[in-house]
1. Within segment B:298-319, is even one residue buried (at least 22 other Cβ atoms within 10 Å of the Cβ) and in contact with a Ser or Thr (Cβ under 6 Å, 6 or more places away or on another chain)?
2. Residue by residue through segment B:637-654, note down the ones that are over 15 Å from B:HIS607 (Cα atoms), modelled with pLDDT of 90 or more and part of a loop (DSSP other than H, G, I, E, B).
3. Under 19 Å from the mean Cα position of the chain (by Cα) and in contact (Cβ under 8 Å) with a residue 12 or more places away in the chain: does that describe B:VAL337?
4. Report every pair of residues separated by at least 6 positions or lying on different chains whose Cβ atoms are under 7 Å apart, first residue within segment B:109-136 and over 16 Å from B:SER445 (Cα atoms), second among the basic types (Lys, Arg) and crowded, with 20+ Cβ neighbours inside 10 Å.
5. Regarding segment A:63-84, can at least one residue be identified that is in a helix (DSSP H, G or I), surrounded by fewer than 17 Cβ atoms within 10 Å (Cβ to Cβ) and within 12 Å of chain B (Cβ to nearest Cβ)?
6. Looking only at segment B:728-756, how many residues end up being crowded, with 20+ Cβ neighbours inside 10 Å and modelled with pLDDT of 90 or more?
7. In segment B:613-636, what count of residues is obtained for those that are in a loop (DSSP other than H, G, I, E, B) and closer than 29 Å to B:GLU534 by Cβ?
8. Going by the structure shown, is B:PHE168 among the aromatic types (Phe, Trp, Tyr), exposed (fewer than 15 other Cβ atoms within 10 Å of the Cβ) and in the same structural domain as B:ILE318 (by TED's automatic domain parsing)?
Amino acid sequence: MERIELPQGTLDLLILRTLLSGAQHGWAISERVQQVSSEVLSIQQGSLYPALHRLERRGWIKAKWGTSENNRRAKYYELTKAGTTQLEHETETWRKLTAAVQQVLEGA
Amino acid sequence: MLSDLRFRARALFKRSAVDNELEEELRFHVEHEVEKYMRSGMSEAEARRRARLAFGGHQQMKEDCREARGTEFLALTLQDVKYGLRQLLANPTFALVMILTLALSIGANSAIFSVIDGVLLKRLPYEQPEKLARIFLHSAEYPKFPLNPWDFLDFRARNHSFSSIAAFTRGDVQLSGGDSEPVRLNGFGITSGYFRVLGLRPQLGREFDFKAEIPGNGLQVILSDRLWRTRFGADPNILGKKITLNTQPFTVIGVMPSGTQHPGNDYHSVTYGESVDVWWPFSFAGDPNRRGSHFIEGIGRLNHGVSAERARAELNAIMLQIAREHGSDHTGWSVLVIPLYNEVVGARRQMLLVLLGAVGIVLLIACANAANLLMARASSRQREISVRLAMGAPRMRVVRQLLTESLILSCTGGVLGLLLAFGGVRLLVSLLPADFPRANDIHVSGPVLAFTILVSLLTGILFGLTPALQASRTDPKKGLQNSGRTTTAGKQQAWLRSALVIAEMGLASVLLIGAGLMLRTFLNLVHLDPGFREDHLLTASLSLPHAQYKTGDQTAQFFGRLSASLNALPGVTSAGAGSDLPWTGYDENTGGFTIEGKKAAPGQESHARYHMATPEYFAAMGIPLLEGRFFTEADKKGAPWVLIINRAMADLYWPHEDVLGKRISFDDNPKKDSDWMTIVGVVGDVKDQPNSLRAEPAFWWSEYQVSEPDMSIAIRTQADPRGIADGLRNAVHQIDPALAVADVKLMNQVADGQVSTPRLTFALVGLFAGLAILLAAIGAYGVIAYTVSQRTQEFGLRVALGAKQRDLVRMVLGQSARLAVPGTVLGVVLALSLGRVVQSLIYGVSPSDPLILSLVVVLMLMVALVASLVPARRASQADPMVMLRAE
């Protein structure tokens, strides 16, 4: 199956969206994105963790240590209130963008 | 925002904990990947390989995460600071010399800037002070002359340039009542609207209205906050109460808030700051056609968009109208409108800017010096820098590291300097003359703090950048091969360092020449013949209240009795009373007297200063009698009018004539003998200020004939005049127990105050010059010593080849001369081109004074000689064996 590189800026959106259903650790976030996108999107681990730290610094997600499904210490990330707002905002922007691109592609 | 800060702070200060967490998080991730791969049937080893492959560079990711945390810049800086501190502590002498010299120069700059900030930069304490302007009359002879009240009223009624305009005049009052001794208060008579002009509002009550200007309504008073607190216990119900001023009941109608500052005045001046105790309503009466007496000062608030120039033109036009209407002669006179700021600080501006320039030069020298020392040190650190470059540190990292070190030095210097400035400013203010404008506004304040921080940072970058860039250009290969001993500083660096020392020498010479000029100025002023003798002289002032001393006879009688009892005191050589003391500010003139037998040219009124004196006044002041006689007890009411004039008046109106017996009259149309006043004596000249160009023509009336109630007492004693102060008080209170004896001081102090500005200027410029020379000497020593150490082998070789010690010493001294001579020449040229800047600050000496210039050249050469003594000695001990062993 062919995998597509993530366009600039969409990584944050994907992470935030993934966390909407509840706290997750980093590995689970990348797995989930891959699954939900039917293996089309894959997050390079090299960019996942810097992105998580960046989002945490901006206060959109917060991290806490918890226990994973197989009883190991893992760092869980969850959406903050600001993060939820940001997600709504970015989703909206994304929709507009894709719709516009779609329109150009079909109409031109 | 806050969470962002907290996050960054944790990332910064708990860096290793954060890093460990990341490590654990990443490990967790890899484990999961491995499990995933194993579940799909891979062997564990294969799964691990795949997982790691997919993960990418572990180290790179950690770097990226750190960057994402947004703390990299700070973290690096912290690291640089730690490293820099270690480097500086490893060489404490170097660090100490650097920090101390920087602290001294930055501190001196902060101190001077405090003065600049307080005096020149801080807004005057009034509403929209830039719209305030002072109003004077002006003639070629009297640049700033007070106004006549009638003229003022016409200005006020007719002008359109000012939104409001007011006048004020000094008039001290005596406060009595209660059980305490009567005191003299600094008072000003003010027209209504005076405070509105300034934009100040009373904290209690109101200011005077127009009705208060009508004669007879004047028994009202506004108190200063200080007087209200100290004398009336901050009584909140003070309004409407009566207090006794000049033995009359005055009703308190207002209290001004603290911080009510006097806008300054020339005529009978009082110091700036909160120096006024009471304000009373100014009123006057008389004939509006007689406008000869000038004694009030004008101040106004300019309308929006009106310049001082335009206001001046309008007032001049009004003055011409007035002259037409009242048939008065205003030839040669015009109105002057000066923005208040210029009036208050204008005269001191040049001095302060010169001081700022001088202290700025010190800082420049300190920078050159620091750059010099840094470069010397960088060459001995070449090995360390080479290692860092070889290990792959980018050049910018090395530059950054070295800059951080210079910033540590300059900022430490800045902090110490600020501490110095706190002490320095206090000392400076205590040395300022009493009449220095806004001295009370000088503090180490917020702007000074900002200035110090800025100067510290700029200094650090200025002196650190070039050495840092130079050092970072080190070729790691060469640096390592050279093993750190015989570094190749490179021709360029050697040239740069010599150029820096030459510049230091040049700038130091400039300051030294400046200090020389200021010293000559000060000495010239001190050694001027003042025309009187200020030693062994006690002065005081008395003001007889009109309520008790209604007639001239009573006044004359009082001063006669007082003189007699003072002259009878043991230890008193002579004691008298005069209307004015020399050098205390005086600007009263009378014009339009007629000289018997001479016809004045039209528009050329005869003018002279007028004073009153008792017979013993001149002897007490030490003013010599040149011709004729002093006043005697017989020169009283009823006796023929007599005058004593000064030599300037004699020379002006009776050149090459015998003036004794000559007569003048103040009557417009003198007929009878009693209309004339006869000159009976000529006394020596006393200038207005010690550095005045010439003495003004002046004359004295006999106090017993004209009976002036406000007089100064002068007592000349055999021993220390301070001992006579109690005797004076007793003598006064024996005659009138309710009279305040004010301003008791030594004439020495008054005279001293006159030279305190030039003395302070000299002391500061001298101090800065000393600092500059010390820095330049350190710089010269640094370069010469470094060269000598570089040339140890060469010197050894020369000795081996037969050179004498003498030759080696000569070589070193030659190098020193190559720094000092161009430096001094540069300094002299600079100083000559800057001569105009100090012209207004010097007296009796030319900016190109050959004596000062040659002394400075000699001194600078000697400094260079001293700086090279130690290196020369070391060179002369060059040992050929050392050279051979080193190879």
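The values are calculated or read from the model by the stated rules, or taken from the named source; none is laboratory data. For clarity, every value in this text was computed on a predicted model and none was experimentally measured. No Cβ is skipped: glycine too gets one built from the backbone with ideal geometry, and neighbour counts run over all protein chains shown.
1. So far as segment B:298-319 goes, yes, one or more of its residues are buried (at least 22 other Cβ atoms within 10 Å of the Cβ) and in contact with a Ser or Thr (Cβ under 6 Å, 6 or more places away or on another chain).
2. B:ALA639, B:PRO640, B:TRP641
3. It is false that B:VAL337 is under 19 Å from the mean Cα position of the chain (by Cα) and in contact (Cβ under 8 Å) with a residue 12 or more places away in the chain.
4. B:LYS131/B:ARG301; B:LEU132/B:ARG301
5. Yes, there is a match, as at least one residue in segment A:63-84 is in a helix (DSSP H, G or I), surrounded by fewer than 17 Cβ atoms within 10 Å (Cβ to Cβ) and within 12 Å of chain B (Cβ to nearest Cβ).
6. Number satisfying all stated conditions: 3.
7. Final tally of qualifying residues: 12.
8. Against the criterion (among the aromatic types (Phe, Trp, Tyr), exposed (fewer than 15 other Cβ atoms within 10 Å of the Cβ) and in the same structural domain as B:ILE318 (by TED's automatic domain parsing)), B:PHE168 does not qualify.
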